[in-house]
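Below is one structure, written out as structure tokens; the observations come after it.
Please treat every number below as a calculation from the coordinates, not as lab data. Note that this is a predicted model, so its numbers are computed, not measured. Cβ placement follows ideal geometry from the backbone for every residue including glycine, while neighbour counts extend to all protein chains displayed.
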Ligand SMILES: [Zn+2]
């Protein structure tokens, strides 16, 4: 039996483990981290062993739809994780050769163009800039007055080689120092897929807002609570939050900001621009932006069910998963699901959900590989598949993993 539960993603990317002894020291959010509503949350799932008295609770705010760990690992625990496992497993020490993919570079640059910012001297700050892919996109678009900060030393060094003197090796808490150093508040400050990693997003938002010049804008890109894979929301602990349009809007409103959502992002992300006055986005191509929508009760419930359903005993999907996943991938890349989707759906119809449990172990690995995304909510994502791949890695134990889900508690067992 494992004495820790593990958040699983790709072995090269990340891994957070904690024991019950750790959980005892995880403090609770006393209000919704997005809209600040008190006692408006409900428990979606609990993460822990059946024997644990204390578990990590995944909550949903019934006012704004925000999904979050109610007692997440605290900031020092998370920082330790990023400075050790995350960086180590991602090969951060060898980032010299990293060249940003074109698809990664265009997003912020495209948003800035759609927002109508043509003055190439505008000061722009990337908070959590990584190796600097988004900064590269802006640079190539002509914006040269760009700065970045990055918590990971390795990444900050890599970005600093590309942008000498413009990258600072610290987190959001210290960005007022950049304003002091450069002598200017910023026109645009953005966080691209960073805010969902931060323990208290409101702190980060408030700090950023304090470094903005009059008429400046904040851009926040995060996974969308509706589009994000359920397996991520349940088990991928580096993401401490899953935002809805309503929760982002509510977060901004706490500090006097309105917002619009950009139409150019991925289906599973929200790209949000915050501003104090409408005049700040006067030049924007408004056809490219939409207003925040309040999530209906039905939509909020749909998210709740999406995350909870695969793990509950009465699920019509699988409640017990057990197989030797080391045989699944054989080191090959995963096949595309579209090729077999039709065939698999007919297979599902024939054998039925209940029988699926026992039949899964007998069907061919190639079927199982494509079947899993279907049974886990028809989420065909790399993340879902990676969940299996973990056990195929050198980090895994030699035991055959068994994962049981009882009464909304997700437990990892080794049989
Ligand atoms: Zn809320």
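A few points about this structure:
- Rounded to the nearest 0.05, the FRET efficiency derived from the C-beta distance between residue 302 and residue 38 at R0 = 22 Å is 0.35.
- Peptides 53-66, 137-150, 279-292 ordered by average Cβ neighbours within 10 Å, highest first: 53-66, 137-150, 279-292
- Antiparallel DSSP beta bridges within the stretch 93-292, as percent of all bridges there, nearest 5: 45
- Residues 112, 225 arranged by fewest to most Cβ contacts within 10 Å: 112, 225
- Calculated SAXS-style log₁₀ I(q)/I(0) at q = 0.13, 0.15, 0.18 Å⁻¹ - the stretch 93-292, Debye, Cα scatterers: -0.66, -0.90, -1.36
- Protection proxy ranking, peptides 73-81, 194-202, average beta carbon neighbours within 10 Å, highest first: 194-202, 73-81
- Pairwise label distance in nanometres, residue 76 with residue 254, each label 7 Å out on the Cα-Cβ vector: 2.3
- Among 107, 306, 120, 206, a tally of other beta-carbon atoms within 10 Å of each Cβ gives an order, fewest to most, of 120, 206, 306, 107.
- Over the stretch 103-177, Cα pairs under 8 Å with separation of 6+ residues give a relative contact order of 29 percent.
- Of 269, 277, 228, the sequence from fewest to most neighbouring Cβ atoms within 10 angstrom is 277, 269, 228.
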